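Visitor: Handing you this structure, nothing more for now.
The values are calculated or read from the model by the stated rules, or taken from the named source; none is laboratory data. Keep in mind that this is a model prediction, so the values were computed, not measured. FYI the Cβ positions are ideal-geometry reconstructions off the backbone, even for glycines, and counts take in every protein chain you see.
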Amino acid sequence: MLDLKGREIRTSLTKDSDGIEFKFGDKVMIRCDGMRIHSSNTCIQIDCAPALALLREGDEVKFGENSEVFGEISEGEPTQCTLVIKGGGLVKSNSPVKIPGSHYQKIPILRVED
């Protein structure tokens, strides 16, 4: 029997140990260059390249255990997306990332690490 994480997406560590504060209207890039690169107020690194490739303009992305920080994709490419913050708050290191809708089901359950 194997215990797998499943479709879990996380942010990298943040430059500030308290997290990154976002406000309504802020724009931030979402990229998948590597978890060793710290997330900042201009770029959030995530650990799931397949999810990044699925995002399109108008899609919603949520951060945090309670999805307190969320935004809408304004520009999307296979390697990076621009997110406009609609609900501000604090994004901490290793925060869960949620992508509501059908895109989530297209993300592979197994990863190379598994």
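Visitor: Filtering segment 47-73 down to residues that are acidic (Asp, Glu) and surrounded by 14 or more Cβ atoms within 10 Å (Cβ to Cβ), which residue is farthest from PHE22 (Cα to Cα)?
Guide: Out of the qualifying residues, it is ASP47.
Visitor: Tally time: how many residues in segment 14-33 are over 11 Å from ILE85 (Cβ atoms) and in a loop (DSSP other than H, G, I, E, B)?
Guide: Total meeting the criteria: 7.
Visitor: Could you please find all residues in segment 34-55 being assigned to a loop (DSSP other than H, G, I, E, B), of a type outside the set (Gly, Ala, Ser) and over 15 Å from GLY89 (Cα atoms)?
Guide: MET35, ARG36, ILE37, HIS38, ASP47, CYS48, LEU55
Visitor: Right, next: Of the conditions (1) modelled with pLDDT under 90; (2) within 13 Å of the chain's Cα centre (by Cα); (3) at negative phi, SER67 clears all except one; give me its number.
Guide: (3)
Visitor: What do you reckon, is GLY58 in a loop (DSSP other than H, G, I, E, B), touching a strand residue (DSSP E or B) at 6+ places or on another chain (Cβ under 8 Å), farther than 12 Å from ARG10 by Cα and at pLDDT 95 or above?
Guide: In short, no.
Visitor: Continuing with this model, one more query. Just checking, which of ILE37, ILE46, ILE85, ILE30 is of a type outside the set (Gly, Ala, Ser) and touching a Phe, Trp or Tyr at 6+ places or on another chain (Cβ under 9 Å)?
Guide: Checking each option against the conditions leaves just ILE85.
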